[in-house]
Structures are given as C-alpha cells and as structure tokens.
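Notes for the one structure printed next.
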Amino acid sequence: MIDVTDTELREGLFASLAVRRWVEDVASRGPFASLDNLLAVASAEASPLSPDEIDEAIAHHPRIGEKPVGQGTSQEMSRSEQGASTEFADEIAAGNLAYEKRFGRVFIIRAAGRSRREILDELTRRLDLDDAIELQVVGEQLRDIALLRLEKLYGDS
C-alpha cells in the first residue's frame with residue numbers, strides 16, 4: 001500500500017507531471033495497493049497527453065543542460081536526472097536553440113540513464129521529425145519521466 005495522504009499524493013503527482021487533469025484523474029483512482037498499481041494508472045492516464053497538456057507540463061521543465069530554477073521536488077528531480085556533467089554543453093545548447101526554433105518549445109527527453117552523448121544524438125535525430133511525430137514523442141518522454149519520478153518517490157512504499 002502506498003501510504004500517503006491525498007494531498008501528498010497530489011503533490012507527488014504534480015512534481016512528476018505538471019498536468020492538472022492527469023493529477024486529478026490519477027489521484028481519483030487512489031488509494032493505490034502498490035507501486036505497480038499506481039504506475040499502471042499513471043501511464044494509462046498519460047497516454048496520450050493532449051497538445052495543451054504537453055505545453056502545460058513543459059512549462060515546468062528546464063532546458064536540458066540548464067540548472068532548474070527554484071526549490072521543490074520537481075526541481076530536485078530535474079537536477080538529479082540531468083546530472084552534473086558539462087560534456088557536450090555547447091552542442092546541447094546549440095541543439096536546444098535549433099529545436100526551439102523548429103518546434104517552438106523546449107526539448108524534452110528522459111535524461112535519467114542516458115549519457116550526454118546519447119541526449120545530443122537524440123536531440124539531433126528529433127530535429128528531423130515532422131511536427132506530429134515529434135509531439136507524440138514529447139508526450140511519451142513526459143510520461144516516461146513521470147513514471148520514473150513516481151518510482152523514485154514511492155518505490156519504498
């Protein structure tokens with residue numbers, strides 16, 4: 001059993017994926033008997049995210065390679081997911097600018113478990129995707145980030 005109050009669950013959900021509809025939909029299905037149960041509901045409710053929900057979530061994500069601003073659970077998770085490496089910093093910064101010019105939003109990728117080289121390669125690859133496919137990929141990345149964050153928050157529950 002994930003032993004948290006409704007308020008704590010909602011805060012953890014919002015820190016994992018800042019989409020109000022998703023937080024409400026997932027929280028309304030609690031309490032959760034296990035982490036696996038929570039992850040299954042969270043994944044289903046995030047598949048797919050609408051374009052407006054993707055924009056809502058992205059507003060709470062720093063650029064890859066930039067330090068998150070402020071304090072809080074989401075910012076701390078971003079710091080740990082991106083790591084401290086500055087390898088390929090200039091190339092990633094240039095890629096971020098090209099991506100934002102091309103798609104009009106911040107590049108989102110599940111950085112946890114990926115090297116800076118892998119992130120740069122994926123950024124370069126995704127610049128060639130068409131808008132609809134890239135939007136789908138962004139939604140999938142946001143869902144994957146949310147699931148990893150939920151595992152980190154509630155994995156010991």
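The values are calculated or read from the model by the stated rules, or taken from the named source; none is laboratory data. Values in this document were obtained by computation on a predicted structure and should not be read as measured data. Cβ: placed from backbone, ideal geometry, glycine included. Neighbour counts: every protein chain shown.
Reported count of residues in segment 88-134, each being within 23 Å of A146 (Cα to Cα), among the small types (G, A, S) and over 16 Å from the mean Cα position of the chain (by Cα), is 3.
Among the residues making up segment 102-155, a single one is of a type in the set (K, R), outside any helix (DSSP H, G or I) and farther than 24 Å from W22 by Cα: R114. Scanning segment 1-53 for residues that are in contact with a helix residue (DSSP H, G or I) (Cβ under 9 Å, 6 or more places away or on another chain) and among the charged types (D, E, K, R) yields D6, R10, E11, R20, R21, E24, D25, R29, E45, E53.
Residue-wise test of (1) at pLDDT below 95; (2) surrounded by fewer than 19 Cβ atoms within 10 Å (Cβ to Cβ).
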| residue | (1), (2) |
| --- | --- |
| D3 | yes, yes |
| D6 | no, yes |
| G12 | no, no |
| W22 | no, no |
| S34 | no, yes |
| A42 | no, no |
| A46 | no, no |
| L49 | no, no |
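Of the residues making up segment 101-114, just one is touching a residue at least 12 places away in the same chain (Cβ under 8 Å) and out of contact with any helix residue (DSSP H, G or I) (no Cβ under 8 Å at 6 or more places or on another chain), namely R102.
Here L123 meets each of (1) surrounded by fewer than 18 Cβ atoms within 10 Å (Cβ to Cβ); (2) in contact with a helix residue (DSSP H, G or I) (Cβ under 6 Å, 6 or more places away or on another chain) with one exception, condition (1).
Which one is farthest from F14 (Cα to Cα) among residues in segment 76-108 that are modelled with pLDDT of 95 or more and surrounded by 19 or more Cβ atoms within 10 Å (Cβ to Cβ)? Among residues in segment 76-108 that are modelled with pLDDT of 95 or more and surrounded by 19 or more Cβ atoms within 10 Å (Cβ to Cβ), the one farthest from F14 (Cα to Cα) is G95.
If you go through segment 52-75 and keep only what is surrounded by 13 or more Cβ atoms within 10 Å (Cβ to Cβ), modelled with pLDDT of 80 or more and either polar (S, T, N, Q) or not in a loop (DSSP other than H, G, I, E, B) (or both), you end up with E53, I54, D55, E56, A57, I58. Sub-7 Å Cβ pairs linking a first residue in segment 1-21 that is more than 13 Å from E56 (Cβ to Cβ) to a second residue that is part of a helix (DSSP H, G or I) and basic (K, R), at least 6 apart or interchain, are A15/R149; S16/R149, ordered by first then second residue.
In segment 28-41, the residues that are small (G, A, S) form Cβ pairs under 9 Å with partners that are crowded, with 16+ Cβ neighbours inside 10 Å and outside any loop (DSSP other than H, G, I, E, B), at six or more places apart or across chains, as follows: G30/L9; G30/L38; G30/V41.
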